[in-house]
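All remarks here apply to the structure that follows.
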């Protein structure tokens, strides 16, 4: 039943289809960066058009514009049958036939499948209406997932089924354009294949599909055409069959990532340092199960895994942001009792959390004060601030790390993601931390700054710090780390001491549980 | 290649510099519009009445606003942590009753214990909010009732007459022609301003209100900061209570009723954001003077005091509305 890779590509060639959606010259800026700098994008009937790009390239902003979450600053959107439109909000987008299956399904767990599919279209469901909607829901689901009962509560469904419900919901509104935003990020390989055959079904019934992903093999398996965004601009819009994977990597990341990926990995070059951080049986009810782990001084240890595998929970427990229920943390060989973040800080541990704005920065404060946030012990030992000294130190970091704009008095919310991250790293460098816990250190950061952050991390390791790095970008793990641990379901399922033979594919398989523990 | 990289980054960050200036403008507009409002108020009242602008009356406004200024400074610190203290009016009542009763035995005892009572009231608020993670609004609303009840229970609802004359000279006297409450209020506002500007605690107050989680993950002791601001708020409320009983010459258990609204109003007019992270104790001084000037002017215009309550409430809501509107745009 499932199409093979070839047949998909052939079908593309002989069915160009009519134009469903056309975006021209879309410009969108946010407090900080020009996220889209004049982007063109179009989509035909019966086409799967992949949208690719690094985090921060403008993918999600373009999606937000397309689905009415945010209006563009300039540029036009034209939809077949409606002409040029201004999309006010996601409801309006749905009415125009554009639906989005988002990364994290926005369904109501307390309601059943049918109710979710028709959510917002019905008021006060009477019993008669309910039966009618259930019949309709069954009809929509029949070709997608006949086994799924429409009276099941959505809260009890798995990720793959949730996506099916989301797809059904967009179809129920008569969507002709369906966007998928990283739909496979929490699916097992088997579920992913199921989703792909579903997407092909949609395509064959004449829908236009926008497929957002940064996974190159997937894009080759499913798409007809690829548009690549980099730094808010379209760098390619080509038929999938005409693009070579190496070329694609180059287009997505610019030359440097390809260089970095291909540079020789020195297996476990820095593992001989003394033990800096050791975990023994660290547990947290329902989240973490007896994690054992050692990170040495001078080493970058990567933590790979799917979203929800417990990686963030683990570093938060080490740092004392959440309480652990069991196990021991050793720092430099000595057990450390961590009750709260200040205990971890005192032991020389730093956490650079995944959500900078929510967890690391005080947006109303300027760069200098944000830099000083973890360093009141140094800058105000008596309670009164040593402003001059702090200003000097801030300016030194601004210069050394090339933080832009290069003024200590700028409010930190006006900095780009990369510069914000540098301020946070500077804060912890100044605190004298020797163990750095990085949670998605380059998420949402543009490519140029990303490499600066990577260089900084390598420098830290070289200077003898121990780094524990969470990343959902496998290339980042492969490029940075000396050793890698893979987490799944709150357990550390695999530790790879020699990364020389490690590939993105293999990591994915460990993370999704396709390969049994060796 | 490194140069290349740096150039790329600096290109990407040109825009923010411009944006930040736009935002500074927005804040500037905000403070200018407050000052413009105050100026307008003064002009209108000066035109409509004969005595508003006379020095004696202006000094009177300062005196009348001094109690509210003291409470508003404490309120500003609380609001800056994204909290609220509704119990201040009752703390005024309770601490001034206890002080008045002890003053009859010993001046110093009355002052010290009175201030301690205010501080302990604030500490209890802070402990319940920080340690038990109870909502500030509910805790201080409950305490508004409890502290008031305690003040009434203390003398079975009876007022205490006969405040020590030395006490009155200190807290409601004159120094070189200037009323001491005015001097105290100015000193308190200035000290709080210096606290915010030049101490770790001051910045931590902003950090807690601006982003509590970021503060916590930077190793700041959030609970301590919260307990501190509520304790200071209580302490300043007891101080305001001293001025109140000093001026009246008697202590009433219902003294200070409704002061919380005046203080919140002064704080917000003065630029404190109920969303936390922003505020200025000197601004709350301006805010208190604005409310004081308005009430004074309305009195001169023979507007009944019942209507003054309506006007005060309306101005406070208006100030909060302006705060919401400007914050949202950011």
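The values are calculated or read from the model by the stated rules, or taken from the named source; none is laboratory data. What you see is a predicted model; the values in this text were computed from it and never measured. Neighbour counts are summed over all protein chains in view; Cβ atoms, including those assigned to glycine, are modelled from backbone coordinates with ideal geometry.
Name the residue, out of B:282, B:291, B:244, B:261, that is closer than 21 Å to residue B:197 by Cβ, touching a helix residue (DSSP H, G or I) at 6+ places or on another chain (Cβ under 9 Å) and in a helix (DSSP H, G or I).
B:282
Applying the selection to region B:91-117, what residues are over 21 Å from residue B:169 (Cβ atoms) and buried (at least 20 other Cβ atoms within 10 Å of the Cβ)?
Hits for region B:91-117 are B:91, B:93, B:94, B:117.
Out of all the residues in region A:381-390, is one or more part of a strand (DSSP E or B), without any contact (Cβ under 8 Å) to a residue 40 or more places away in the chain, assigned by TED's automatic domain parsing to the domain that holds residue A:485 and touching a helix residue (DSSP H, G or I) at 6+ places or on another chain (Cβ under 7 Å)?
Yes: region A:381-390 contains one or more residues that are part of a strand (DSSP E or B), without any contact (Cβ under 8 Å) to a residue 40 or more places away in the chain, assigned by TED's automatic domain parsing to the domain that holds residue A:485 and touching a helix residue (DSSP H, G or I) at 6+ places or on another chain (Cβ under 7 Å).
Just one of the numbered conditions (1) facing chain B (nearest Cβ under 10 Å); (2) touching a residue at least 40 places away in the same chain (Cβ under 8 Å); (3) over 18 Å from residue A:342 (Cβ atoms) is not true of residue A:375; which one?
(3)
Of everything in region A:408-421 that's over 22 Å from residue A:432 (Cα atoms) and within 8 Å of chain B (Cβ to nearest Cβ), which residue is surrounded by the fewest Cβ atoms within 10 Å (Cβ to Cβ)?
Ranking the candidates gives A:411 first.
Taking region A:430-462, which residues are away from chain B (no Cβ under 12 Å) and either in a strand (DSSP E or B) or free of Cβ contacts under 8 Å to residues at least 12 places away in the same chain (or both)?
Of everything in region A:430-462, those that are away from chain B (no Cβ under 12 Å) and either in a strand (DSSP E or B) or free of Cβ contacts under 8 Å to residues at least 12 places away in the same chain (or both) turn out to be A:435, A:436, A:438, A:459.
Name, by its number, the condition in (1) more than 24 Å from the chain's Cα centre (by Cα); (2) in a helix (DSSP H, G or I); (3) more than 8 Å from chain B (Cβ to nearest Cβ) that does not hold for residue A:427.
In the conditions (1) more than 24 Å from the chain's Cα centre (by Cα); (2) in a helix (DSSP H, G or I); (3) more than 8 Å from chain B (Cβ to nearest Cβ), residue A:427 misses (3) alone.
One line per residue, one yes/no per condition, for (1) part of a helix (DSSP H, G or I); (2) surrounded by 19 or more Cβ atoms within 10 Å (Cβ to Cβ):
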{"site": "A:149", "(1), (2)": "no, no"}
{"site": "A:163", "(1), (2)": "yes, yes"}
{"site": "A:170", "(1), (2)": "yes, yes"}
{"site": "A:178", "(1), (2)": "no, yes"}
{"site": "A:190", "(1), (2)": "yes, no"}
{"site": "A:193", "(1), (2)": "yes, no"}
{"site": "A:197", "(1), (2)": "yes, no"}
{"site": "A:200", "(1), (2)": "yes, yes"}
{"site": "A:214", "(1), (2)": "no, yes"}
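Scan region B:205-231 residue by residue and report those that are within 14 Å of chain A (Cβ to nearest Cβ) and under 30 Å from residue B:181 (Cβ atoms).
The answer is B:205, B:206, B:209, B:225, B:228.
Results for (1) within 30 Å of the chain's Cα centre (by Cα); (2) within 12 Å of another protein chain (Cβ to nearest Cβ); (3) surrounded by fewer than 22 Cβ atoms within 10 Å (Cβ to Cβ); (4) modelled with pLDDT under 95, shown as yes or no for each residue.
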residue: A:322; (1), (2), (3), (4): yes, yes, yes, yes
residue: A:326; (1), (2), (3), (4): yes, no, yes, yes
residue: A:354; (1), (2), (3), (4): yes, yes, yes, yes
residue: A:383; (1), (2), (3), (4): no, yes, yes, yes
residue: A:391; (1), (2), (3), (4): no, no, yes, no
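Any idea which of A:344, A:402 is part of a helix (DSSP H, G or I), farther than 24 Å from residue B:198 by Cα and within 10 Å of chain B (Cβ to nearest Cβ)?
A:344
State the number of residues belonging to region A:347-369 that are assigned to a helix (DSSP H, G or I), in contact with a strand residue (DSSP E or B) (Cβ under 9 Å, 6 or more places away or on another chain) and without any contact (Cβ under 8 Å) to a residue 12 or more places away in the chain.
1
Is it fair to say residue A:495 is touching a strand residue (DSSP E or B) at 6+ places or on another chain (Cβ under 6 Å) and either away from chain B (no Cβ under 14 Å) or touching a residue at least 60 places away in the same chain (Cβ under 8 Å) (or both)?
So residue A:495 passes the test.
So residue A:397 ticks every box in (1) in contact with a strand residue (DSSP E or B) (Cβ under 8 Å, 6 or more places away or on another chain); (2) part of a helix (DSSP H, G or I) but one. Which box is left unticked?
(1)
Please give the number of the condition residue B:237 fails out of (1) more than 18 Å from residue A:345 (Cα to Cα); (2) surrounded by fewer than 24 Cβ atoms within 10 Å (Cβ to Cβ); (3) more than 10 Å from chain A (Cβ to nearest Cβ).
All conditions pass for residue B:237, except number (2).
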